[in-house]
Amino acid sequence: QTRDWFLDQLRPGDPSLNISVSWELLGNVRADSIETAFNTVIDRHEILRTRFVEKDGAPMQQVVRTVPFKLDLIDLRAVPVAQQQARVTEIARETSTRAFDLTQAGLIRASLVRMSSDRALLMYVAHHTCFDGFSIKVLGREIGEIAQAIEAGRSPDLPELQLQFGDYAMWQGEYLASGALEDE
């Protein structure tokens, strides 16, 4: 996080710090379920409600109580199938290169792109300060479980979180500060 914050200070809004993911969803995809699932995940994970403030030249995490999240809806069903992929590529490029402001909480955004009545793409982008490769699997599992639970009228079956991303970041910082990697 510190490294990514410093890189953002050097080149504010650098899109190389954005992590973009796209999932194909098949069947009757309800945008309201997906949006509610994202809001639930954001409420569940402090790091997705975190902003970074500078204190003595270094970043400090500041977790806020709530973050407004709205799923962007893009309907390509009227676009000829032969032209849809070009439009999807354009949307992905535009979305993935839009800058994040690390002083504002909510370093994740998502779009649901309807391709047909039974096919959609869920595209999301998160800033690397709050998201990494491991997070992709966690987010996918949780979004899927929550959306399915909403549509089935039941509570999602998710384990209680024992650690938050900030706990991991603090542990990693302490480990590096201990000199454990000096020989390397």
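Quick notes on this one:
- Whole-percent pair-distance distribution, where bins are 5 Å wide, for the alpha carbons of segment 49-150: 2, 10, 16, 20, 19, 14, 9, 5, 3, 1, 0
- Taking every protein chain into account, the 1.4 Å probe leaves Thr66 with about 100 Å² of accessible area, to the nearest ten.
- Net charge, His128 excluded, C-beta distance under 12 Å - Lys, Arg +1, Asp, Glu -1: -3
- Pairwise label distance in nanometres, Val64 with Gln9, each label 7 Å out on the Cα-Cβ vector: 2.2
- In the elastic network of the chain, a GNM with C-alpha springs shorter than 10 Å, the most mobile of Leu17, Leu161, Leu107 is Leu161.
- For Leu25, solvent-accessible area (1.4 Å; no DNA, RNA or ligand), Å²: 40
- Residues of the chain: accessible area per residue with a 1.4 Å probe, Å²: 59
- In percent, rounded to a whole number, the relative contact order of segment 1-111 is 36, using alpha-carbon pairs under 8 Å and six or more apart.
- Here the accessible area is traced with a 1.4 Å probe on the protein chains. For the chain, carbon and sulfur cover 51 percent of it.
- Sparse packing (at most 13 other Cβ atoms within 10 Å of the Cβ) combined with a DSSP loop state is found for the following trypsin sites (Lys or Arg not before Pro) in segment 77-135: Arg77, Arg98.
- The listed residues Asp32, Asp8, Asp56 rank as Asp56, Asp32, Asp8 when sorted by accessible area, largest first, using a 1.4 Å probe.
The values are calculated or read from the model by the stated rules, or taken from the named source; none is laboratory data. In this text the structure is predicted, and so the values were computed from the model without any measurement. A quick note on method: Cβ atoms are made from the backbone with ideal geometry, for glycine too, and the neighbour counts reach across all protein chains shown. These accessible areas exclude ligands, DNA and RNA; they are computed on the full protein's heavy atoms, side chains included. Shrake-Rupley method; radii C 1.70, N 1.55, O 1.52, S 1.80 Å.
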